[in-house]
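Chemist: The structure follows.
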Amino acid sequence: MHRLRTCAARLRPLTATQTAQTAGPKRPITAQYPGGSRTFQPIRCYSAPVASEPFLNGTSSNYVEEMYFAWLENPKSVHKSWDVFFRNANAGAPPGAAYQSPLGLSSALVSPLGSAVSAQPNVEKLVEDHLAVQSLIRAYQIRGHHVAQLDPLGIMDADLDSCVPTDIITSSDKLGFYGLDESDLDKVFRLPTTTFIGGSESALPLKEIIRRLEMAYCQHIGVEFMFINDLEQCQWIRQKFETPGVMQFTLEEKRTLLARMVRSTRFEEFLQKKWSAEKRFGLEGCESLIPALKTIIDKSSENGVENVIMGMPHRGRLNVLANVIRKELEQIFCQFDSKLEAADEGSGDVKYHLGMYHRRINRVTDRNITLSLVANPSHLEAVDPVVQGKTKAEQFYCGDNDGKRVMSILLHGDAAFAGQGIVYETFHLSDLPSYSTHGTVHVVVNNQIGFTTDPRMARSSPYPTDVARVVNAPIFHVNADDPEAVMYVCNVAAEWRATFHKDVVVDLVCYRRMGHNEMDEPMFTQPLMYKQIKKQKPVLQKYAEKLISEGAVTRQEYEEEIAKYDKICEEAYARSKDEKILHIKHWLDSPWPGFFTLDGQPKSMSCPSTGLTEENLNHIGGVASSVPVEDFTIHGGLSRILKGRGEMIRNRTVDWALGEYMAFGSLLKEGIHVRLSGQDVERGTFSHRHHVLHDQNVDKRTCIPMNHMSPDQAPYTVCNSSLSEYGVLGFELGFAMASPNALILWEAQFGDFHNTAQCIIDQFICPGQAKWVRQNGIVLLLPHGLEGMGPEHSSARPERFLQMCNDDPDVHPPITEDFAVQQLYDCNWIVVNCSSPGNYFHVLRRQILLPFRKPLIVFTPKSLLRHPEARSSFDEMLPGTHFQRLIPEGGAAAQNPQSVKRVLFCTGKVFYELNKERKLRGLEDQVAIARVEQLSPFPFDQVKAEVERFPNADLVWCQEEHKNQGYYDYVKPRIRTTIQRTKPVWYAGRGPAAAPATGNKNTHLMELRRFLDSAFDLDTLRME
């Protein structure tokens, strides 16, 4: 808006209707404009301007704008002369024709463009020029980053756009855009309150205004923040970057920065010298990352942070481990020894995937700080939600409700930040009540390339960081070859996080001196970039020369600093030769001190009974069937559900929901925190859980009865998640890392939804202990069952989980006294498909009572939630009872086992269909049905006992899933091993198929009938 009439036309409401015409505004109004809408508060009534030169008597352009908005609301709130002025400008009066002296307004208002209008061109030009300057300032604040000098190589535009915005003054001829010219450069203009470029001055010459805007927004720092819809936050950022002389550093700060640059640079050079043929994904080209991270940590420590949890991809990880986390150098160097033997703890991982935990003194603040770098696979951004979950847990367990003591830092690559959807998912967790970590500092190592892919082929957005705009996170782009600019930006980022507890992004625009790794040839695909890189002077050399020329350090001091660190590396290298064995335990990122021992001795390999006293069951059942808050109105349908629960308790039985309630409630009473997270888990996808009650008369008033279990109980956290699987499962995995003394569960809305979180399952949950010696007790609840509902939402794909189990199908483990627990200790995860609420209750409690932690995969039911036969008696849950890995035949067939012709092995809900069919056919005494409740580790001992109990029976595995899916390929070889291959194991079920289930209800019923016939046709055996 470079002229007032242009401004007026742009701001004119689209609707013709004005608000109340009575004198003086009384209420806020919302006006609609072509660019959006704006709400204005009532403003004081304005008096007439001084007749001559009103703006030369202290009236600022801000004042005019405020008055204009007041006039929009009520024309009578301003003096009549201003009313005429705004009316004429709105009507399109030519320059100099809008203003009319108050002395000439004795008669009624004249036509806006009539002859009675008296021209005051100098006054209107002054108004227009002030508004133009205000627009110019705003243009730099919005778009100054587009012309900032961000690329150290000088060949790329960090925003992928070489066009200079038309409203940024790059030459004097651009002044015309604002209706200004060179003669205006020396004129003094009053500054609006939305800028700090004046410092203590309230007015500046135009050329000085432009110079200061360029210094603030167009040098080595580009700031994106004007999309933030909070005035206080915008003003805070303006003050940090616009205030003159704000980016000043003391001599000590410069010397510290140089020392950190020396360590960052010489570490990479040492590795290159010693192991030139090894992949290490070095940091060359972005050496300023190390002082950047240390600056964030220093400033955060100064603000009270005691625990920093970090996640990052592989580029620069070894350097971060060495110079930020302060991992012993010899432990890093020994990783390069090809003769290093692996310890017994696990398979391990490559050196640039490993994590670390270290508590030390921060030398800058002299405060203790704990630093964790979470282990991460090559799946780059997969670690983001894991770090957030671990951070949330650490905050939760230390009572840090505002994130003042525990924080997270996430490092990203530019291509992955723009390309990986998990980044977006993680950002959208940032402000959710049960997932917020109260602000994360994101640092993007912007190589301006992804492996071999040019950024113009890798993203559609101008910057790789644009995804952060969805949560109003400010984005600070900075030229990574300017260490002082990097240091300043990182200080501001840490202060932002401490002040507002919201996410912030630091975009380090740098380059990659080597290829994707040290063995790669980048000239194949980026010849121009790498020709320039070969000419590029290293940032350490440039910064050292700068400080030497300033007299901040001498060349001798600089060389001594290099020699000092080189000596440290050489001595560590010599010590690393003594390492013969790789101990992964040295690389733990989440240690659990004291958990694996009892009174200084390793815990026994046993598990106590998971049953409860009847008194306990009744107490928990009473809470589950009541509303523990007075004057709380619940839904009528929910009243019936609670009444039904009460009836079950009186009958000493539980259904699936009540069995879960018993498990959770008992653990809470024992001081175990329980956290259940996922889509719609508060009510339950199938409306069976109802752990959060909603008052029907008071909005947002809720009650969680489980938190009214007992005065000294642990807290129960049940939280509906965003519509995300990848991000939320990663978050819960990270939460479970923090403490073994908590039951952390993630429930999929339907079991097959876990496939969008497959990366977390494949890279972290399944092999986590083998790769990183990191136990984890997370529980996955996956609703599963073929019930004619189509190919989606039928199968949780159990075959995938079973295929990844690490037990050997051809080896029968030796049966020992603690065989069942030892099996659990040796496995990589536990896979169960419970068929009764009682067994589900036991397996949840066992998860905590075991002396170690393993992931638990539970295929949960849908139709069984309300199946009249899917009930368990209190007797199955009393002291002395345990989880049943296999539920043997207990009916008529067990009375005369010699006459049994067939043993059907099955798992899960199909038991109820088989049992019903057996009764209909009158085969209770000829067919035995055994339920394999724990599929992995496989219950060899109990399967063997069941087979031996029915010596004349043939063996059949029966499942509702298709033959190439489900459990058959897993259980068949294990049953054969159990019986030493003395009998065949036949199959009864659906034939192979590509889809998990049919979409036709009639076809579903035909398939069901067919496999039930094959299961009970005692005269015909199915082919193996």
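The values are calculated or read from the model by the stated rules, or taken from the named source; none is laboratory data. Being a predicted model, the structure only gives us computed values, none of them experimental. Don't worry about glycine lacking a Cβ; one is built from the backbone with ideal geometry, like all the others, and counts go over all protein chains shown.
Chemist: Identify the single condition in (1) surrounded by fewer than 24 Cβ atoms within 10 Å (Cβ to Cβ); (2) part of a loop (DSSP other than H, G, I, E, B); (3) at pLDDT 95 or above that Phe396 does not satisfy, given that it satisfies every other one.
Modeler: For Phe396, the exception is condition (2).
Chemist: Does Gly600 satisfy being of a type outside the set (S, T, N, Q), in the same structural domain as Asn376 (by TED's automatic domain parsing), without any contact (Cβ under 8 Å) to a residue 40 or more places away in the chain and on the phi > 0 side of the Ramachandran plot?
Modeler: Considered against the rule, which asks whether it is of a type outside the set (S, T, N, Q), in the same structural domain as Asn376 (by TED's automatic domain parsing), without any contact (Cβ under 8 Å) to a residue 40 or more places away in the chain and on the phi > 0 side of the Ramachandran plot, Gly600 comes out as no.
Chemist: Can I ask one more? Out of all the residues in segment 943-956, is one or more farther than 27 Å from Asn806 by Cβ, of a type outside the set (Phe, Trp, Tyr) and touching an Asp or Glu at 6+ places or on another chain (Cβ under 9 Å)?
Modeler: yes
Chemist: Evaluate segment 1002-1015: report whether one residue or more is within 30 Å of Asn896 (Cα to Cα), touching a Phe, Trp or Tyr at 6+ places or on another chain (Cβ under 9 Å) and touching a residue at least 12 places away in the same chain (Cβ under 8 Å).
Modeler: yes
Chemist: Right, another one. Got a sec? Which of Ala322, Ala277 is among the aliphatic types (A, V, I, L, M), in the same structural domain as Asn362 (by TED's automatic domain parsing), more than 23 Å from the chain's Cα centre (by Cα) and more than 18 Å from Leu354 (Cβ to Cβ)?
Modeler: The conditions single out Ala277.
Chemist: On to the next question. Looking at Met523 and the list (1) under 30 Å from Gln272 (Cα atoms); (2) surrounded by 20 or more Cβ atoms within 10 Å (Cβ to Cβ); (3) modelled with pLDDT under 95; (4) touching a helix residue (DSSP H, G or I) at 6+ places or on another chain (Cβ under 6 Å), which single condition is not satisfied?
Modeler: Result: Met523 fails condition (2) only.
Chemist: Also, quick follow-up: Quick one: is Gly450 touching a residue at least 12 places away in the same chain (Cβ under 8 Å) and surrounded by 23 or more Cβ atoms within 10 Å (Cβ to Cβ)?
Modeler: Spelling it out, it is not the case that Gly450 is touching a residue at least 12 places away in the same chain (Cβ under 8 Å) and surrounded by 23 or more Cβ atoms within 10 Å (Cβ to Cβ).
Chemist: Asp807 passes all but one of (1) under 20 Å from Pro767 (Cα atoms); (2) modelled with pLDDT of 95 or more; (3) surrounded by fewer than 22 Cβ atoms within 10 Å (Cβ to Cβ); which number fails?
Modeler: With respect to (1) under 20 Å from Pro767 (Cα atoms); (2) modelled with pLDDT of 95 or more; (3) surrounded by fewer than 22 Cβ atoms within 10 Å (Cβ to Cβ), Asp807 is out only on (2).
Chemist: Oh, and also: Identify all residues within segment 969-988 that are within 41 Å of the chain's Cα centre (by Cα) and either among the polar types (S, T, N, Q) or surrounded by 20 or more Cβ atoms within 10 Å (Cβ to Cβ) (or both); write none if there are none.
Modeler: Kept after step one, since they are within 41 Å of the chain's Cα centre (by Cα), are these residues of segment 969-988: 969-974.
If the condition is that a residue be within 41 Å of the chain's Cα centre (by Cα) and either among the polar types (S, T, N, Q) or surrounded by 20 or more Cβ atoms within 10 Å (Cβ to Cβ) (or both), then Tyr970, Val971, Arg974 are the ones that fit.
Chemist: Let me ask something additional. One residue is enough: does segment 363-379 have a residue meeting the conditions over 28 Å from the mean Cα position of the chain (by Cα), surrounded by fewer than 24 Cβ atoms within 10 Å (Cβ to Cβ) and either at pLDDT 90 or above or on the phi > 0 side of the Ramachandran plot (or both)?
Modeler: yes
Chemist: Can you find a residue that is over 30 Å from Tyr435 (Cβ atoms), in the same structural domain as Phe417 (by TED's automatic domain parsing) and in contact with a Lys or Arg (Cβ under 7 Å, 6 or more places away or on another chain) anywhere in segment 478-493?
Modeler: Yes, some residue in segment 478-493 is over 30 Å from Tyr435 (Cβ atoms), in the same structural domain as Phe417 (by TED's automatic domain parsing) and in contact with a Lys or Arg (Cβ under 7 Å, 6 or more places away or on another chain).
Chemist: Further question: Return the only residue of Ser710, Ser722, Ser739, Ser794 being of a type outside the set (D, E, K, R), out of contact with any Cys (no Cβ under 7 Å at 6 or more places or on another chain) and not assigned by TED's automatic domain parsing to the domain that holds His690. Working first, answer last.
Modeler: Values: Ser710 fails: not assigned by TED's automatic domain parsing to the domain that holds His690; Ser722 fails: not assigned by TED's automatic domain parsing to the domain that holds His690; Ser739 fails: not assigned by TED's automatic domain parsing to the domain that holds His690.
Unique residue meeting the criteria: Ser794.
Chemist: Tell me which residues, restricted to segment 269-309, are acidic (Asp, Glu) and either surrounded by fewer than 24 Cβ atoms within 10 Å (Cβ to Cβ) or within 21 Å of Asp589 (Cα to Cα) (or both).
Modeler: Listed by number, the residues that qualify are Glu269, Glu278, Glu284, Asp298, Glu302, Glu306.
Chemist: Something else: Identify, from the list Lys919, Lys901, the residue that is within 20 Å of Ala953 (Cα to Cα) and free of Cβ contacts under 8 Å to residues at least 12 places away in the same chain. Outline the logic, then answer.
Modeler: Details: Lys901 fails: free of Cβ contacts under 8 Å to residues at least 12 places away in the same chain.
It is Lys919.
Chemist: Which residue out of Ser872, Ser936 is in contact (Cβ under 8 Å) with a residue 40 or more places away in the chain, crowded, with 16+ Cβ neighbours inside 10 Å, assigned by TED's automatic domain parsing to the domain that holds His1004 and small (Gly, Ala, Ser)?
Modeler: Matching residue, one of Ser872, Ser936: Ser936.
Chemist: Go through Pro851, Pro855, Pro837 for me and flag whichever is touching a helix residue (DSSP H, G or I) at 6+ places or on another chain (Cβ under 7 Å), crowded, with 17+ Cβ neighbours inside 10 Å and over 26 Å from Thr977 (Cβ atoms).
Modeler: Details: Pro851 fails: touching a helix residue (DSSP H, G or I) at 6+ places or on another chain (Cβ under 7 Å); Pro855 fails: over 26 Å from Thr977 (Cβ atoms).
Sole residue among the options that is touching a helix residue (DSSP H, G or I) at 6+ places or on another chain (Cβ under 7 Å), crowded, with 17+ Cβ neighbours inside 10 Å and over 26 Å from Thr977 (Cβ atoms): Pro837.
Chemist: Answer yes or no: is there a residue in segment 275-292 that is among the small types (Gly, Ala, Ser) and modelled with pLDDT of 95 or more.
Modeler: Yes, segment 275-292 contains a residue that is among the small types (Gly, Ala, Ser) and modelled with pLDDT of 95 or more.
Chemist: Would you be able to say whether some residue in segment 714-721 is modelled with pLDDT of 95 or more, within 30 Å of Asp762 (Cβ to Cβ), of a type outside the set (Val, Ile, Thr) and touching an Asp or Glu at 6+ places or on another chain (Cβ under 8 Å)?
Modeler: yes
Chemist: Sticking with this structure for a sec: How about segment 701-735: which of its residues are among the aromatic types (Phe, Trp, Tyr), assigned to a helix (DSSP H, G or I) and closer than 16 Å to Val779 by Cβ?
Modeler: Phe731, Phe735
Chemist: With a cut-off of at least 3 residues that are within 26 Å of Leu729 (Cα to Cα), name the helices (runs of 4 or more DSSP H) lying wholly within segment 837-933.
Modeler: Ranges flagged: 837-849.
Chemist: Restricting attention to segment 802-838, report how many residues are among the hydrophobic types (A, V, I, L, M, F, W, C) and more than 34 Å from the chain's Cα centre (by Cα).
Modeler: 5
Chemist: Select, from Val718, Val674, the only residue that is touching a residue at least 60 places away in the same chain (Cβ under 8 Å), surrounded by 19 or more Cβ atoms within 10 Å (Cβ to Cβ) and among the aliphatic types (A, V, I, L, M).
Modeler: Being touching a residue at least 60 places away in the same chain (Cβ under 8 Å), surrounded by 19 or more Cβ atoms within 10 Å (Cβ to Cβ) and among the aliphatic types (A, V, I, L, M) holds for just one of Val718, Val674, which is Val674.
Chemist: If I ask for residues that are small (Gly, Ala, Ser), in a loop (DSSP other than H, G, I, E, B) and under 21 Å from Met226 (Cα atoms), which ones from segment 128-161 would you list? First the steps, then the outcome.
Modeler: Taking segment 128-161 and keeping what is small (Gly, Ala, Ser), we get 132, 135, 139, 144, 148, 154, 158.
Right, trim to in a loop (DSSP other than H, G, I, E, B) and you get 148, 154, 158.
If the condition is that a residue be small (Gly, Ala, Ser), in a loop (DSSP other than H, G, I, E, B) and under 21 Å from Met226 (Cα atoms), then Ala148, Ala158 are the ones that fit.
Chemist: Pull out all pairs, ordered by first then second residue, where Cβ-Cβ is under 9 Å, the residues are six or more apart or on different chains, the first lies in segment 939-958 and is under 22 Å from Phe819 (Cβ atoms) and assigned to a helix (DSSP H, G or I), and the second is modelled with pLDDT of 95 or more and acidic (Asp, Glu).
Modeler: Glu946/Glu889; Arg949/Glu889
Chemist: So the check is Cβ under 8 Å with 6+ separation or different chains; which pairs have a first residue in segment 788-802 that's surrounded by 21 or more Cβ atoms within 10 Å (Cβ to Cβ) and a second one that's of a type in the set (D, E, K, R) and in a loop (DSSP other than H, G, I, E, B)?
Modeler: Within 8 Å, the pairs are Ser794/Glu787.
Chemist: Let me ask something else about it. If you take the residues of segment 526-571 that are among the aliphatic types (A, V, I, L, M) and within 37 Å of the chain's Cα centre (by Cα), which of them is surrounded by the fewest Cβ atoms within 10 Å (Cβ to Cβ)?
Modeler: So the residue we want is Leu528.
Chemist: Being assigned to a helix (DSSP H, G or I) and either surrounded by fewer than 19 Cβ atoms within 10 Å (Cβ to Cβ) or not assigned by TED's automatic domain parsing to the domain that holds Ala624 (or both) is the filter here, so list the residues in segment 649-661 that pass it.
Modeler: If the condition is that a residue be assigned to a helix (DSSP H, G or I) and either surrounded by fewer than 19 Cβ atoms within 10 Å (Cβ to Cβ) or not assigned by TED's automatic domain parsing to the domain that holds Ala624 (or both), then Arg650 is the only one that fits.
Chemist: May I pose another question? With respect to Arg469, is the statement that it is of a type in the set (Lys, Arg) and closer than 29 Å to Ile237 by Cβ true? Can you show your working first?
Modeler: Numbers: of a type in the set (Lys, Arg): yes; closer than 29 Å to Ile237 by Cβ: yes.
So Arg469 fits the description; yes.
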